[in-house]
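Here is the structure we will look at, set down as structure tokens.
The values are calculated or read from the model by the stated rules, or taken from the named source; none is laboratory data. Not measured: the values here are computed from a predicted model. Glycine also receives a Cβ, built like all others from the backbone with ideal geometry; neighbour counts cover every protein chain displayed. SASA here: full protein model, heavy atoms, side chains in, ligands and nucleic acids out. Shrake-Rupley method; radii C 1.70, N 1.55, O 1.52, S 1.80 Å.
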Amino acid sequence: MNNIIHARIRITGQVQGVGFRPFVYRLAHELELTGWVRNDNLGVDITIQGAQSKLMSLIERLRNEAPYLARIEQITHELLSEQGEFMEFNIIPSQDGRQRQTAITPDMAICTDCLFELFDPGDRRYQHPFINCIHCGPRYTLTAKLPYDRANTSMNTFKQCPDCQQEYEMPGTRRFHAQSNSCPACGPTLRLYDKNWQTIVTDDALMSTAGLIRAGKIVAIKGIGGFHLVCDAHSTAVTRLREGKQRDEKPFAVMVLNTTSAKCHAILSSKEIALLESPERPIVLVQSTHELPGIAPGLINIGIMLPYTPLHYLLFSELSPKKTDWLQQESPVVLLMTSANPYGEPLVTSDAEAQYSLTGLADAFLSHDRDILHRCDDSVMRVNVAAPQFIRRARGFTPRHILLPFSGPSVLACGAGLKNTLCITRENKAFVSQHIGDLDHAGTRAMLEETVAHLCEILDIQPELIAHDLHPDFYSSQFAANYAAQHGIPVIAVQHHHAHIAAICAEHRTSLPVLGLALDGVGLGTDGKAWGGELLYVAGARFERIGHLTPIAMPGGDRAAQEPWRMASAALFQLGRGNEIVQRFPKQSGTKTVVTMLQRDLNCPKTSSAGRLFDAAAGLLGLCERQNYEGQAAMFMEGLTIKQGRVEAQNNGYAITENGELDFLPLLNILADCSNKAYGAALFHATLGQGLVALIRRAAQQKNITTIALSGGCLLNSVLSAALIEELTNQGFHVLTAQQLPPNDGGISLGQAWVALQSFNQGA
Ligand code: ZN
Ligand code: ZN
Ligand code: FE
């Protein structure tokens with residue numbers, strides 16, 4: 001009891017903007033400790049005075065009872081000799097030092113307490129579309145810089161009213177130091193405009209918006225990381241949106257009120273339900289029970305998300321049947337919600353951008369006066385082989401970092417040309433940006449530059465090393481070269497599939513040698529050829545190509561990636577069945593030209609790409625002759641296989657040569673004569689899986705390795721990844737897969753950064 005000591009406690013991790021200081025305040029009062037707590041650039045800083053036993057119990061409870069959104073990395077404490085007397089415990093102002101070490105919190109869905117208040121007529125925030133508290137709401141997208149204080153966010157233009165200010169200062173409440181605290185009297189307000197940007201005069205912008213949606217209109221709605229285009233998924237607006245967005249068959253995501261409502265449209269596992277309801281609220285790709293016309297044409301999956309902002313919930317309350325307990329009840333309302341990113345440009349975030357690029361697409365605009373500082377798309381995930389997997393990582397997850405097993409210089413890795421993301425490392429942490437997109441548009445290129453500047457600002461670093469893809473034509477590679485020249489720092493080019501495998505090694509924090517299977521679209525190989533079905537030996541910064549798929553010609557080059565009939569034609573030609581091409585594809589006008597090209601080897605670069613192998617198979621089975629979007633043919637193949645169920649692999653469908661070439665032409669020969677599409681698709685998957693495992697087993701024996709890393713866009717195929725993981729695990733291999741990032745090109749930047757750090761460490 002008499003043993004009064006002083007100590008300094010430091011907490012690092014995601015501990016700012018999540019209600020950590022109020023939490024410490026509450027614990028200190030409970031434990032009768034005195035002193036202070038503050039945020040600083042390393043995280044949370046506490047100086048404490050009290051009985052030793054209570055101090056120890058404080059440290060234990062800091063770890064065990066931390067607020068919902070907090071992610072603690074480290075708690076350290078040291079005893080202080082000086083005996084400063086503290087009479088009470090206080091929260092003191094933030095300390096702005098030099099190096100910013102603390103993590104930034106991603107944007108989170110509205111919490112259950114705020115949701116309750118939102119629909120409580122007695123609450124002063126009843127129906128306030130910007131309600132939030134320390135446990136919920138946007139963070140990353142409205143924070144300009146650290147530390148996370150109101151002055152550094154886009155809430156800085158709203159002065160809290162006396163009531164809000166009082167709550168903000170009242171320790172122990174959910175609004176104590178809630179930086180974006182507001183109410184109807186002092187917070188942001190909604191504004192509704194017609195298609196010509198004339199204000200629609202209304203007492204209730206949300207009720208009017210609901211009326212427009214009910215009447216079959218398309219409304220552009222400003223959200224957390226950008227605008228969505230929204231309409232009733234059962235209305236003819238879906239067709240208009242498809243035409244307007246030039247999105248022939250590409251699937252749209254939908255939003256439904258809750259998982260009970262989602263079950264009317266999809267088969268949901270408990271893991272999928274948990275993912276849908278998680279505070280990160282990604283779009284979850286699930287198996288649909290019936291086709292919603294125009295939403296996901298020809299696919300067995302549908303992307304569903306639940307409401308995540310107060311505004312979404314208010315919209316559902318207007319549109320859903322009026323019942324008590326309506327939040328838990330099934331609602332027939334299905335809203336099509338698609339990112340407002342016309343023609344592949346980045347997501348629209350401001351009224352000016354919306355006015356410029358969505359006019360003609362939207363019938364009305366529901367906007368507000370809280371600025372979005374960083375654009376951030378919805379994340380897309382699926383449950384694959386019983387584990388959540390990213391397809392696109394953005395809102396809810398960015399800028400959560402990935403912990404590396406070692407420190408090094410700050411690396412800026414510029415990612416691939418498509419599905420671009422950036423990665424910046426600071427000491428032993430890798431920060432992967434939100435999904436930026438395909439860098440063939442001026443807007444996405446500008447976003448890449450903005451994101452580099454923004455990440456450097458909030459992380460307070462200057463890159464010391466630049467990494468990029470081996471392909472010199474990617475905009476990201478050119479950006480890297482220019483940046484390196486401007487700043488006088490070294491630059492390293494990383495082969496595409498090496499980066500795919502390195503990303504898995506980084507996530508799993510292993511520098512030991514692995515065998516990496518990259519099943520992908522196309523990436524430039526070290527021999528100048530188009531790779532994409534590669535077995536690599538990867539050790540640290542080094543890799544060796546020890547196996548690959550037998551190359552198939554791509555008649556017309558990149559065009560063959562959009563037209564599976566071309567890949568099918570190339571396969572037929574290589575099988576000595578070129579004479580069948582013209583009659584097999586009567587709908588295609590270029591068949592004779594393609595035959596000539598193949599005969600004369602004109603504009604027929606060869607590729608070992610697994611993606612193109614899928615295309616060839618889909619073309620031969622007559623499943624898809626032309627793709628409307630990337631991966632469509634492979635998704636048709638996957639869907640049919642799931643419907644068909646498991647079939648036996650064809651043992652003589654593949655052959656492995658001495659130099660590690662895996663040839664599936666025999667399988668394609670069988671598929672060319674297969675009239676049962678579903679069986680053919682299933683046979684393709686089964687044989688592909690078996691052939692790949694055989695190739696791996698052979699290489700594993702030669703190299704004496706038991707760890708296998710799987711990556712590349714084809715790993716999003718649930719049938720293929722399940723077959724590989726299951727069979728390899730059964731054979732005693734240790735299988736590593738993408739968990740914190742997508743296996744597609746969205747994960748490339750982390751792999752590049754990892755290779756750069758490893759080569760620096762080896763060189764140092
Ligand atoms: Zn809340
Ligand atoms: Zn207020
Ligand atoms: Fe790739």
Is there a residue in segment 33-40 that is among the polar types (S, T, N, Q) and open to solvent by 10 Å² or more (accessible area, probe 1.4 Å)?
yes
Which of the residues spanning segment 391-420 are within 21 Å of residue 510 (Cα to Cα) and not in a loop (DSSP other than H, G, I, E, B)?
401, 402, 403, 411, 412, 413
Expected output for segment 196-225 (first residue under 19 Å from residue 184 (Cα atoms), partner open to solvent by 20 Å² or more (accessible area, probe 1.4 Å) and small (Gly, Ala, Ser), Cβ below 8 Å, 6+ apart or cross-chain) is 202/208
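Results for (1) surrounded by fewer than 21 Cβ atoms within 10 Å (Cβ to Cβ); (2) under 23 Å from residue 305 (Cα atoms), shown as yes or no for each residue.
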residue	(1), (2)
368	yes, yes
390	no, yes
393	no, yes
405	yes, no
429	yes, no
Going by what's in this entry, would residue 723 be described as touching a helix residue (DSSP H, G or I) at 6+ places or on another chain (Cβ under 6 Å), open to solvent by 10 Å² or more (accessible area, probe 1.4 Å) and at pLDDT 95 or above?
yes
Do the conditions hold for residue 521, that is, is it on the phi > 0 side of the Ramachandran plot and either more than 16 Å from ligand 2 (Cβ to nearest atom) or among the hydroxyl-bearing types (Ser, Thr, Tyr) (or both)?
no
Please state which one of 462, 486 is closer than 19 Å to residue 754 by Cα, surrounded by fewer than 16 Cβ atoms within 10 Å (Cβ to Cβ) and assigned by TED's automatic domain parsing to the domain that holds residue 434.
462
Being touching a residue at least 60 places away in the same chain (Cβ under 8 Å), open to solvent by 70 Å² or more (accessible area, probe 1.4 Å) and under 30 Å from residue 290 (Cα atoms) is the requirement here; does residue 677 meet it?
no
When segment 499-522 is examined, which residues are found to be over 21 Å from the mean Cα position of the chain (by Cα) and of a type outside the set (Val, Ile, Thr)?
511, 512, 513, 515, 516, 517
So which residues in segment 627-647 are over 17 Å from residue 294 (Cβ atoms), polar (S, T, N, Q) and in a loop (DSSP other than H, G, I, E, B), if there are any at all?
627
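Would you mind finding the one in 720, 716, 736 that is touching a Cys at 6+ places or on another chain (Cβ under 8 Å) and within 16 Å of ligand 3 (Cβ to nearest atom)? Quick ask: steps written out before the conclusion?
Details: 716 fails: touching a Cys at 6+ places or on another chain (Cβ under 8 Å); 736 fails: within 16 Å of ligand 3 (Cβ to nearest atom).
Checking each option against the conditions leaves just 720.
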Residue check for residue 644: open to solvent by less than 20 Å² (accessible area, probe 1.4 Å) and not aromatic (Phe, Trp, Tyr):
no
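Every residue, every condition in (1) part of a helix (DSSP H, G or I); (2) of a type in the set (S, T, N, Q), yes or no:
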| position | (1), (2) |
| --- | --- |
| 573 | yes, no |
| 576 | no, no |
| 580 | yes, no |
| 596 | yes, yes |
| 625 | no, no |
Would a scan of segment 317-324 turn up a residue that is modelled with pLDDT under 95, of a type in the set (Lys, Arg) and assigned by TED's automatic domain parsing to the domain that holds residue 244?
yes
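Per-residue answers, yes or no, for (1) of a type in the set (Phe, Trp, Tyr); (2) touching a His at 6+ places or on another chain (Cβ under 9 Å):
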site	(1), (2)
397	yes, no
406	yes, no
431	yes, yes
452	no, no
461	no, no
465	no, no
471	no, yes
Answer yes or no: is there a residue in segment 107-116 that is farther than 15 Å from residue 279 by Cβ and either open to solvent by less than 10 Å² (accessible area, probe 1.4 Å) or among the aliphatic types (A, V, I, L, M) (or both).
no
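One line per residue, one yes/no per condition, for (1) open to solvent by 20 Å² or more (accessible area, probe 1.4 Å); (2) more than 16 Å from ligand 2 (Cβ to nearest atom); (3) within 30 Å of the chain's Cα centre (by Cα):
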position	(1), (2), (3)
534	no, yes, yes
557	no, yes, yes
560	no, yes, yes
584	yes, yes, no
598	no, yes, no
613	no, yes, yes
621	no, yes, no
627	yes, yes, yes
Could you tell me whether residue 334 is farther than 29 Å from residue 524 by Cα and open to solvent by 30 Å² or more (accessible area, probe 1.4 Å)?
no
Members of segment 326-344 that are under 19 Å from residue 284 (Cβ atoms) and not β-branched (Val, Ile, Thr)
330, 331, 335, 336, 337, 339
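Does residue 691 meet the test of being under 18 Å from residue 608 (Cβ atoms) and either touching a helix residue (DSSP H, G or I) at 6+ places or on another chain (Cβ under 6 Å) or of a type in the set (Phe, Trp, Tyr) (or both)?
Taking the combined requirement at face value, the residue does not satisfy it.
If I ask for residues that are farther than 24 Å from residue 173 by Cβ and buried (at least 16 other Cβ atoms within 10 Å of the Cβ), which ones from segment 55-72 would you list?
If the condition is that a residue be farther than 24 Å from residue 173 by Cβ and buried (at least 16 other Cβ atoms within 10 Å of the Cβ), then 55, 59 are the ones that fit.
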Sort out which residues of segment 304-348 are at positive phi and either touching an Asp or Glu at 6+ places or on another chain (Cβ under 8 Å) or part of a helix (DSSP H, G or I) (or both), and write them in order of number.
343, 344
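So that you can scan it fast, the table gives a plain yes or no per residue for (1) at pLDDT below 95; (2) within 16 Å of ligand 3 (Cβ to nearest atom); (3) more than 17 Å from residue 113 (Cα to Cα):
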residue: 150; (1), (2), (3): yes, no, yes
residue: 158; (1), (2), (3): no, no, yes
residue: 174; (1), (2), (3): yes, no, no
residue: 183; (1), (2), (3): no, no, no
residue: 188; (1), (2), (3): no, no, yes
Among 119, 176, 130, the single one that is hydrophobic (A, V, I, L, M, F, W, C), more than 30 Å from the chain's Cα centre (by Cα) and buried (at least 17 other Cβ atoms within 10 Å of the Cβ) is 176
